[in-house]
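Following: one structure in C-alpha cells, then a few remarks.
The values are calculated or read from the model by the stated rules, or taken from the named source; none is laboratory data. What you see is a predicted model, and the numbers here were worked out from it, not measured in a lab. No Cβ is skipped: glycine too gets one built from the backbone with ideal geometry, and neighbour counts run over all protein chains shown.
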Amino acid sequence: GAGVSQSPSNKVTEKGKDVELRCDPISGHTALYWYRQSLGQGLEFLIYFQGNSAPDKSGLPSDRFSAERTGGSVSTLTIQRTQQEDSAVYLCASSHDSYGYTFGSGTRLTVV
Amino acid sequence: GIQVEQSPPDLILQEGANSTLRCNFSDSVNNLQWFHQNPWGQLINLFYIPSGTKQNGRLSATTVATERYSLLYISSSQTTDSGVYFCAVSLYNQGGKLIFGQGTELSVKP
C-alpha cells in the first residue's frame, strides 16, 4: 500500500480482556517496528521484525505482550489480560534497510 | 543504554521566527532521524541524517557525529510547524531499532 496502515484506530477494552492490534506495512519494506507512546511521553520501543523473524524483542514490557509477522508483511501485536497501564497509543513503522521510517497513524488503546 | 537528550523541551515562537532544536546522544550511532509529530499524532519523517547537512524547504538539519549532536533548524516558522519534534538514533548492529528522545514541543503563534 501507499502507507503503513494500522487497525483499529481506536480500541476501548475492559481490564482483563485480550486485544489484537494490526499493522500492514508498506509493500516491500522488510523491517517492521512496534512502539508505544503514553500520554505526553516519547516513544518506547517494543519489538522489531526483519522479515518474519524478531531478532529484538527486548522492549516487550511483560509476557502478556507478544507479536508475530506473517508472509513478511502484516504484523499483529497481542496484549493478553490487559491492564490499565497498557493504555497508550501503539505505533507501527516500517522501513527498507533501516533508512527513513514510515509510521502508521497508530492505535489508541484505552483499558477501562 | 544510549541516552538521547533534546533541548529545549518546550518552545513558543511567533510566526515568521527562526529556531534551532538540539539533540545530544551519548554513543556512536549509525542512524539518526528527525520526526515531526503533528497535533493529531501523526509522525512524519523529516530527515535521515547520521552525518552532514541536509535541507528541505524551510527545514534543515546538521549532524556532527564525532561530537555526538544534531541540530534541526526551522526558518520562517508557520503555525503548521507546531507539534513535537523527535530526534531518534540507533546503534550499530541494532537492526535499525530507534531510540527516541523526549521531544521538543513547538508552538507557533499567529
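Brief remarks follow.
- None of A:Ser66, A:Ser95, A:Ser58, A:Ser75 is within 14 Å of chain B (Cβ to nearest Cβ) and under 27 Å from A:Gly16 (Cβ atoms) except A:Ser58.
- Top-ranked residue of segment B:22-34 - restricted to ones that are surrounded by 23 or more Cβ atoms within 10 Å (Cβ to Cβ) and in a strand (DSSP E or B), ranked as farthest from the other protein chains (Cβ to nearest Cβ): B:Phe25
- Where B:Gly95 falls short, out of the listed (1) farther than 16 Å from B:Ser19 by Cα; (2) modelled with pLDDT of 95 or more; (3) facing chain A (nearest Cβ under 9 Å): (2)
- Every listed requirement among (1) in contact with a Gly (Cβ under 7 Å, 6 or more places away or on another chain); (2) within 14 Å of another protein chain (Cβ to nearest Cβ); (3) part of a strand (DSSP E or B) is met by B:Gly41 save one, (3).
- Flag set for B:Thr53, criterion: away from every other protein chain (no Cβ under 14 Å), surrounded by 13 or more Cβ atoms within 10 Å (Cβ to Cβ), farther than 29 Å from A:Ser5 by Cβ and without any contact (Cβ under 8 Å) to a residue 12 or more places away in the chain.
- In this structure, A:Ser53 does satisfy being modelled with pLDDT under 95, exposed (fewer than 14 other Cβ atoms within 10 Å of the Cβ) and closer than 27 Å to B:Asn93 by Cα.
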